[in-house]
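The values are calculated or read from the model by the stated rules, or taken from the named source; none is laboratory data. Bear in mind the structure is a predicted one, so any value in this text is a computation, not a measurement. As a convention, Cβ positions derive from the backbone with ideal geometry for all residues, glycine included, and neighbour counts pool all protein chains shown.
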Amino acid sequence: MTEIWRKQIEELCLAFRIKTKLVSRPTLNTACLSNRTIEIAPILSSISYCSALHEIGHVAMNSFDELEAWQWAKREAWNWTPRMEKCMIDSIESHA
Ligand SMILES: [Zn+2]
């Protein structure tokens, strides 16, 4: 599964002309809209996958809105698991 996820993240970054930098873990993920750059952890789990999609969502929609970026991630995701749903809800609540 992680191979499919990793490939999709690469393809989306190409399609939206987004540069990536690596960070050590998904909690450090960020998006910089002006540089079209995301900092993401290696795609090793459903958590790093959905978090990376979320950061791509920020840049793809040019939006700082947390909810919008998560909705984008969920819409574009290859699959969406209960663990990803929980990651999304926890993240939204931590920003509220
Ligand atoms: Zn965000």
(request) With the condition kept exactly as written, say whether any residue in the range 30-45 is modelled with pLDDT of 95 or more, out of contact with any Leu (no Cβ under 8 Å at 6 or more places or on another chain), more than 14 Å from the ligand (Cβ to nearest atom) and within 16 Å of Glu85 (Cα to Cα). (result) yes
(message) I'd like the full set of residues that are within 14 Å of the ligand (Cβ to nearest atom) and touching a residue at least 12 places away in the same chain (Cβ under 8 Å), limited to the range 64-87.
(response) Phe64, Glu66, Leu67, Ala69, Trp70, Gln71, Trp72, Ala73, Lys74, Cys87
(request) Tell me which residues, restricted to the range 26-55, are part of a strand (DSSP E or B) and hydrophobic (A, V, I, L, M, F, W, C). (result) Ala31, Cys32, Ile38, Ile40
(request) Could you check, for the range 81-96, whether at least one of its residues is of a type in the set (S, T, N, Q) and at pLDDT below 95? (result) yes
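Which members of the range 54-63 meet the condition of being of a type outside the set (Val, Ile, Thr), closer than 23 Å to Lys7 by Cβ and more than 9 Å from the ligand (Cβ to nearest atom)? Steps first, please.
Initially, the range 54-63 is screened for residues of a type outside the set (Val, Ile, Thr), giving 54-55, 57-58, 60-63.
This time we only want the ones that are closer than 23 Å to Lys7 by Cβ, so: 54-55, 57-58, 60-61.
Of everything in the range 54-63, those that are of a type outside the set (Val, Ile, Thr), closer than 23 Å to Lys7 by Cβ and more than 9 Å from the ligand (Cβ to nearest atom) turn out to be Ala60, Met61.
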(request) Among the numbered conditions (1) more than 13 Å from the ligand (Cβ to nearest atom); (2) part of a helix (DSSP H, G or I), tell me where Ser94 comes up short. (result) (1)
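Please specify each residue of the range 56-75 satisfying the condition of being in a helix (DSSP H, G or I) and either farther than 21 Å from Leu22 by Cα or of a type in the set (D, E, K, R) (or both). Step through it out loud before you land on a result.
Start the filter on the range 56-75 by keeping residues that are in a helix (DSSP H, G or I), which leaves 56-60, 66-75.
Within the range 56-75, Glu66, Leu67, Glu68, Gln71, Trp72, Lys74, Arg75 meet the criteria.
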(message) Against the condition surrounded by fewer than 18 Cβ atoms within 10 Å (Cβ to Cβ), out of contact with any His (no Cβ under 6 Å at 6 or more places or on another chain) and modelled with pLDDT of 95 or more, how does Ala15 come out, does it pass?
(response) yes
(request) Go through the residues of the range 40-49 one by one and say whether even a single one is farther than 14 Å from Ser91 by Cα and exposed (fewer than 13 other Cβ atoms within 10 Å of the Cβ). (result) no
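Looking at the range 76-90, which of the residues that are in a helix (DSSP H, G or I) and under 12 Å from the mean Cα position of the chain (by Cα) is nearest to Leu14 (Cα to Cα)?
Looking only at the range 76-90, we keep the residues that are in a helix (DSSP H, G or I), and these are 76, 82-90.
With under 12 Å from the mean Cα position of the chain (by Cα) added as a condition, the list becomes 76, 84, 87-88.
Working: Glu76: 15, Met84: 23, Cys87: 25, Met88: 24 Å.
Ranking the qualifying residues of the range 76-90, first place goes to Glu76.
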